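Engineer: Structure below; questions to follow.
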Amino acid sequence: MRRFLTPSDIGDLNQALKEAAEVKKNPYAHQHLGKNKTAVLIFFNSSLRTRLSTQKAATNLGMNVIVLDINKDGWQLETETGVIMDGDKPEHIREAVPVIGQYCDIIGVRSFARFENKEEDYSEKILNQFIELSGRPVISMESATRHPLQAFADLVTIEEHRSDKRPKVVLTWAPHPKALPQAVPNSFVEWMKVADVDLTVTHPKGYELAPEFMEGVHVEYDQKKAFEGADFIYAKSWASFSEYGKVLSTDRSWTVNEEKMALTNNAKFMHCLPVRRNMVVTDGVIESPDSIVIQEAANRVVSAQTVLKRMLESL
Amino acid sequence: MRRFLTPSDIGDLNQALKEAAEVKKNPYAHQHLGKNKTAVLIFFNSSLRTRLSTQKAATNLGMNVIVLDINKDGWQLETETGVIMDGDKPEHIREAVPVIGQYCDIIGVRSFARFENKEEDYSEKILNQFIELSGRPVISMESATRHPLQAFADLVTIEEHRSDKRPKVVLTWAPHPKALPQAVPNSFVEWMKVADVDLTVTHPKGYELAPEFMEGVHVEYDQKKAFEGADFIYAKSWASFSEYGKVLSTDRSWTVNEEKMALTNNAKFMHCLPVRRNMVVTDGVIESPDSIVIQEAANRVVSAQTVLKRMLESL
Amino acid sequence: MRRFLTPSDIGDLNQALKEAAEVKKNPYAHQHLGKNKTAVLIFFNSSLRTRLSTQKAATNLGMNVIVLDINKDGWQLETETGVIMDGDKPEHIREAVPVIGQYCDIIGVRSFARFENKEEDYSEKILNQFIELSGRPVISMESATRHPLQAFADLVTIEEHRSDKRPKVVLTWAPHPKALPQAVPNSFVEWMKVADVDLTVTHPKGYELAPEFMEGVHVEYDQKKAFEGADFIYAKSWASFSEYGKVLSTDRSWTVNEEKMALTNNAKFMHCLPVRRNMVVTDGVIESPDSIVIQEAANRVVSAQTVLKRMLESL
């Protein structure tokens, strides 16, 4: 396994879920794999859950971990060739990335969408240069358009809380004061499409996700209708794709509340966190017994560890 | 042991001192306790000694350590419920803290008094929310009103340097250009009160510590009189409690110097460091053979390791 | 081995090169040496390669590593005695350094030239205070006037790529928009002088390095003439020593390009990185098969590990 960005990178999902369950049950069973292996985790954007969970996962596997917190302004990498580098950028990505590769066995990269240029964000330029140039397996710890460790953890969590019946899973947009990347909803859709679930996406007009993710996905613009009979409600805010990076609405009639949850089939409430209470979801819903956001966060260790284990096995 | 904030959390002090001596003698004897256990050390305020010594202590015990340096302005947590979170605070403490608990076995928290609100500081709001919400044992690595790892290290140091006779220990206020928290003197008083020592506190009028700490403690406003016959001089600056957070004096007649030390019973000089030379103490006193500030700092590993060992044993 | 600053600290170079080759071949063979030993790596200046490679080297040896990133403005240490510390500096170096020594077995320090005071920089004041006061072996991870881990790695790299004949090694100044320290060229000269190579240094007038480094070294002001018959071209920019810290020229006629490399004996191209492309060296040269900059960077682990191993053996 040389990269982890999409569900196809992890192959058969049922097998991956089985492996994840084993990893969760026996987290220290594979420490021989990571012995004398080093993961470098590079954060162009700051992180709480992702850093802690990925570091924990690597340590569980016996790896050494080196965390690089890179202030985006502090380490400007030149990415074009032919440029006379007499400005602010002290280093070219074609040196920086191969060098990092010399000091480790696996690289994790977090680099968010910048909302400056849709094509650049959606080409996953930064992550792909790490994949191309580092000579090491590369994990996205949330890249410009995807957050696969989150989506895999979400799937693990749904698997743990579902009944035998194929569950109805609803991804609902929610209001937020800031423009947030589409990485989490993109990956959620990408993973749920190939998982054994029925996916419905609901959001106000103008918040359609990128067509490459949404092909074949059921969209229901009426949030209440979308919630009917749902087994899992997954709330998330994101900025507009068509009017790229814009906040078109902060309409709190989209906030997930008790009244809407009552329309569901006793649905579990999920969110990747951090969450703005009473914008995205009410205090009542997130503190209810049906809220599984903490368990979902805990499963970030499980998804990261399963992926790292696969990469270690293929070194 | 689920929390470490006051001397009562560690139980019988003589037993704790015996254990500390054993930990110091054989620092690597308990690495089985920490195997596959993770400590997350959260610094809302920066640190040199506390970070290094606590990390060393945890590593001596075989633990994995994850350090989180959190810029206080960069991770504003909402602490009230019912708030519509549409402002600067991206996360509620009721999600953040339980999530951190999912990724570790023991949590250390450093969060200083802010001097904005005496009641809030003295309620130990931040630390108590970690204790209440994290589901993990929590160590104060200096909280708003206490610095128990320092006080326990101080006691270990006094134990190492005392004679058979019950020692006279003097805590003296000293001048400093900045308003410093009362955490160190509060804890020092709290620990010395229950230790086998005679405690005297000396400071200018207006620098009285909080009554909850000072009940039954001998205060001597004449510094020279206080120093007479002392076996240990513990210097520290702090801001006023009554005029909360104010610097009332920078009077260098309170600086600890050779002349005053001559009044003592060849007292050892102690300070938690960092120390402003020639404000708090003269070069001559801190560089004299009776200065034990470096040994005192070294014992920060011992106090942290004894506490972490107790917590690991009770997991 | 108590300090690592100059080649004389490592003794016989042939022996050191042999040891480095063994370390590279069997990087995990000496983990017993580092067991329960802690390295504290202190960065007054930020770092990518040095931090990653030194941390990797220490971990390969079984050590625990604690990294301290110290914002130069954030931890101002008083270095004079007799000063009344009522200003910005919260701690005296005579407390800070011995305390750090209490928490570790080996200390690494990175502290660049400040270009404020030539005498202060060239006295290696900061590094020498760590050596004097810490009580621990100290490694320069680039100090004011030297970067010995780089120079040792450079020598290892030359040794790997040389033929039997004594190689001609050329250090060439190159243009750069910023004033860079002389640490790398100083150490390169210092090491090559005592290695089994013929060294030529080429630079524009005014860029002469400090006399204490250049005694007996061949300087050729005509860059093309210097390149003739060279086996290794080592490019680096530095600020003027005589007009201390000034950029006297950014003349791109000094950029290393294909035309100049054609004058050499199929020379390998070396640079310590990061490198400004098309200022210091053209895209074509640095991406050519004769560019060994990535291998050179990889050898930073080897030089650091050889030095750390020596220090561990002498504890």
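Engineer: Considering (1) open to solvent by 40 Å² or more (accessible area, probe 1.4 Å); (2) more than 30 Å from residue B:224 (Cα to Cα), say which one residue B:162 fails and leave the rest.
Structural biologist: Failing condition for residue B:162: (2).
Engineer: What pairs can you find where one residue is in region A:1-29 and closer than 28 Å to residue A:130 by Cα and touching a residue at least 24 places away in the same chain (Cβ under 8 Å), the other is open to solvent by 40 Å² or more (accessible area, probe 1.4 Å) and in a loop (DSSP other than H, G, I, E, B), and their Cβ atoms are less than 6 Å apart, with a gap of 6+ or different chains?
Structural biologist: Once the first residue is closer than 28 Å to residue A:130 by Cα and touching a residue at least 24 places away in the same chain (Cβ under 8 Å) and sits in region A:1-29, its partners that are open to solvent by 40 Å² or more (accessible area, probe 1.4 Å) and in a loop (DSSP other than H, G, I, E, B) give A:1/A:314.
Engineer: Can you report the number of residues in region B:174-189 which are surrounded by 22 or more Cβ atoms within 10 Å (Cβ to Cβ) and either among the charged types (D, E, K, R) or in a strand (DSSP E or B) (or both)?
Structural biologist: So the answer is 0.
Engineer: Is it fair to say residue A:92 is over 19 Å from residue A:150 (Cα atoms) and surrounded by 21 or more Cβ atoms within 10 Å (Cβ to Cβ)?
Structural biologist: On the way: over 19 Å from residue A:150 (Cα atoms): yes; surrounded by 21 or more Cβ atoms within 10 Å (Cβ to Cβ): yes.
Yes, satisfied.
Engineer: Could you check region C:95-123 and list, in sequence order, the residues that are facing another protein chain (nearest Cβ under 8 Å) and open to solvent by less than 50 Å² (accessible area, probe 1.4 Å)?
Structural biologist: Matches in region C:95-123: C:95, C:96, C:98, C:99, C:100, C:103, C:104.
Engineer: Additional query: Residues of region A:53-80 being among the hydroxyl-bearing types (Ser, Thr, Tyr) and modelled with pLDDT of 90 or more, which ones?
Structural biologist: Across region A:53-80, the qualifying residues are A:53, A:54, A:59.
Engineer: Being surrounded by 14 or more Cβ atoms within 10 Å (Cβ to Cβ), of a type in the set (D, E, K, R) and touching a residue at least 24 places away in the same chain (Cβ under 8 Å) is true for just one of B:251, B:231. Which residue is that? Full working, then the answer.
Structural biologist: Numbers: B:251 fails: surrounded by 14 or more Cβ atoms within 10 Å (Cβ to Cβ).
Answer to the selection: B:231.
Engineer: Show the residue pairs that are 6+ apart or on different chains and have beta-carbon atoms under 7 Å apart, the first residue being within region A:31-46 and on the phi < 0 side of the Ramachandran plot, the second being assigned to a helix (DSSP H, G or I) and surrounded by fewer than 21 Cβ atoms within 10 Å (Cβ to Cβ).
Structural biologist: A:33/A:313
Engineer: Let me ask something else. If you go through region B:11-68 one residue at a time, how many are in contact with a Pro (Cβ under 7 Å, 6 or more places away or on another chain) and surrounded by fewer than 19 Cβ atoms within 10 Å (Cβ to Cβ)?
Structural biologist: Counting residues in region B:11-68 that are in contact with a Pro (Cβ under 7 Å, 6 or more places away or on another chain) and surrounded by fewer than 19 Cβ atoms within 10 Å (Cβ to Cβ) gives 1.
Engineer: Restricting to region A:1-39, what's the tally of residues that are in a strand (DSSP E or B) and of a type in the set (Lys, Arg)?
Structural biologist: Filtering region A:1-39 for residues in a strand (DSSP E or B) gives A:3-4, A:38-39.
Filter again for of a type in the set (Lys, Arg), leaving A:3.
Residues meeting the conditions: 1.
Engineer: For residue A:271, only one of the following conditions fails: (1) under 23 Å from the mean Cα position of the chain (by Cα); (2) free of Cβ contacts under 8 Å to residues at least 60 places away in the same chain; (3) over 30 Å from residue A:164 (Cβ atoms). What is its number?
Structural biologist: Every condition holds for residue A:271 apart from (3).
Engineer: What strands (runs of 3 or more DSSP E) lie completely within region C:190-289 and have 2 or more residues being more than 14 Å from every other protein chain (Cβ to nearest Cβ) and out of contact with any Leu (no Cβ under 7 Å at 6 or more places or on another chain)?
Structural biologist: Ranges flagged: C:198-202, C:232-236.
Engineer: Filter region B:18-46 for residues that are more than 10 Å from chain C (Cβ to nearest Cβ) and among the polar types (S, T, N, Q); which is nearest to the chain's Cα centre (by Cα)? Write out each step before concluding.
Structural biologist: Going residue by residue through region B:18-46, those that are more than 10 Å from chain C (Cβ to nearest Cβ) are B:18-26, B:29-30, B:32-45.
If we keep only those that are among the polar types (S, T, N, Q) too, we end up with B:26, B:36, B:38, B:45.
Values: B:26: 24, B:36: 28, B:38: 23, B:45: 14 Å.
Ranking the candidates gives B:45 first.
The values are calculated or read from the model by the stated rules, or taken from the named source; none is laboratory data. What you see is a predicted model, and the numbers here were worked out from it, not measured in a lab. For neighbour counting, all protein chains shown are included, and Cβ atoms are generated from backbone atoms with ideal geometry for every residue, glycine included. Note: accessible area is taken over every heavy atom of the protein model, side chains too, but ligands, DNA and RNA are not part of it. Shrake-Rupley method; radii C 1.70, N 1.55, O 1.52, S 1.80 Å.
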